[in-house]
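Comments concern the structure below.
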Amino acid sequence: MRTALLQSSGRPGSVVENLKVLDEAAGRAAAAGAGLVAAPEMFLTGYAIGDDIARLAEPADGDWADAIAEIATRHGVAVAYGYPEREGETVYNSAQLISADGTRLANYRKTHLFGCFERDHFTPGEQPVVQADLNGLRIGLMICYDVEFPENVRAHALAGTDLLVVPTAQMHPFQFVAESVVPVRAFENQMYVAYVNRVGPEGEFEFVGLSTLAGPDGIARTRAGRGEELVLADTDPDFLAASREANPYLKDRRPGLYGSLV
């Protein structure tokens with residue numbers, strides 16, 4: 001399946017404008033043969049928007065989800081995107097996957113919140129592995145800081161995730177995560193990892209771009225630069241199966257030795 005990564009911070013604070021950006025990107029992705037387009041963390045509203053996070057947060061099945069389902073259906077491409085999710089008085093930093101026919105397939109709430117900004121505005125999720133089947137692949141969802149915890153990604157590997165989609169708001173000076181950590185996570189867990197970042201200045205942050213899709217051999221299939229960009233790469237189930245057969249990491253685990261980790 002060809003996957004498109006929309007590296008963009010959109011227009012922080014304007015859901016309407018961000019839907020337009022996503023619509024245009026979905027059209028380009030579909031024209032290039034993509035089955036999935038992924039947008040960054042908090043793409044729908046913007047990340048560094050302060051109290052507007054709570055004001056703009058809406059349920060997973062709200063009006064914006066309906067608008068994105070319409071975009072997905074019109075272009076015939078699945079969409080994964082980050083947004084602030086409201087459940088009652090609680091707000092989560094969430095990512096949702098909607099299929100090309102407009103079906104809501106999976107919704108994930110970020111489990112590891114980064115820094116005071118996120119802890120002040122969000123409640124952490126409690127479900128580490130969220131998956132859905134799409135175009136013959138098992139898709140897992142995770143958000144930014146979550147991928148820096150090896151236990152999190154290993155849980156996805158053990159649950160059979162083929163492509164881990166990670167909407168991200170990766171900021172300076174942590175670009176080594178995109179450059180080094182993500183390909184290692186893909187290799188050590190024998191999966192594809194699509195890490196799709198925001199870019200440029202926003203509030204107190206400077207997002208570094210460098211969105212990448214890494215394969216189970218630890219090699220980046222595509223990598224964006226430091227500007228707004230749509231990059232594409234293929235995930236190959238046959239290559240993934242052969243790589244898993246050749247790589248013994250998961251088979252050679254000794255879980256009985258790891259009790260002290262928890």
Classify the range 83-214: rounded, prolate or oblate, from the alpha-carbon gyration tensor (a ≥ b ≥ c, eigenvalue square roots; a/c under 1.5 rounded; otherwise prolate if a/b is larger than b/c)?
-> oblate
Accessible area per residue, 1.4 Å probe, Å², for the range 1-76: what's the number?
-> 35 Å²
If you add up the charges near Asp236, with Lys and Arg at +1 and Asp and Glu at -1, over every other residue whose beta carbon is less than 13 angstrom from its beta carbon, what do you get?
-> -1
With 5 Å bins from 0: P(r) over the chain, alpha-carbon pairs, percent = 1, 7, 15, 20, 21, 17, 11, 5, 3, 1, 0
So, over other residues within a Cβ distance under 13 Å of Val21, counting Lys, Arg +1 and Asp, Glu -1, the net charge is -1
How much length is gained if the chain between Asp61 and Phe149 is pulled fully straight, taking 0.36 nm per residue apart and subtracting their Cα-Cα distance, in nm to one decimal?
-> 28.8 nm
Mind putting together the pair-distance distribution for the range 169-243? All Cα pairs, 10 Å bins, whole percent per bin, short to long.
-> 22, 47, 24, 7, 1
Residue-ordered couplings for the range 171-180, obtained by feeding phi - 60° into the Karplus form 6.51 cos²θ - 1.76 cosθ + 1.60 and rounding to whole Hz (Gly and Pro as x), are 10, 4, x, 9, 4, 4, 5, 5, 6, 10
Distance in nm between Ser180 and Thr73 label points, each 7 Å along Cα→Cβ, equals 4.7 nm
Who wins for biggest fluctuation among Asp238, Asp23, Asp217 in a Gaussian network model of the chain, springs between alpha carbons below 10 Å?
-> Asp238
Relative contact order computed over the range 106-158 (Cα-Cα under 8 Å; 6+ residues apart), in percent | 35 percent
Additional length obtainable on full extension of the chain from Arg138 to Thr90, 0.36 nm per residue less Cα span = 14.4 nm
For the range 58-75, take each phi angle, set θ = phi - 60°, evaluate the Karplus expression 6.51 cos²θ - 1.76 cosθ + 1.60, and give the result in whole Hz per residue in order, putting x for glycine and proline.
-> 9, x, 4, 9, x, 4, 5, 4, 5, 5, 6, 4, 5, 4, 4, 5, 5, 9
Most fluctuating of Gly27, Gly160, Gly88 in the GNM of the chain (C-alpha, under 10 Å) is Gly88
Compute the distance in nm between two label points, each set 7 Å from the Cα along the Cα-to-Cβ direction, one at His172 and one at Thr123.
-> 3.6 nm
Report the calculated FRET efficiency for Lys251 and Ser14 (r = Cβ-Cβ distance, R0 = 45 Å), to the nearest 0.05.
-> 0.40
Using r as the Cβ-Cβ distance of Phe239 and Ala32, and R0 as 22 Å, what FRET efficiency do you calculate, to the nearest 0.05?
-> 0.65
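The values are calculated or read from the model by the stated rules, or taken from the named source; none is laboratory data. These figures come from a predicted structure and were not determined experimentally. Quick reminder, even Gly has a Cβ in these numbers, built from the backbone with ideal geometry, and neighbours come from all protein chains shown. Quick note on the areas: whole protein, heavy atoms, side chains included, nothing else; ligands and nucleic acids left out. Shrake-Rupley method; radii C 1.70, N 1.55, O 1.52, S 1.80 Å.
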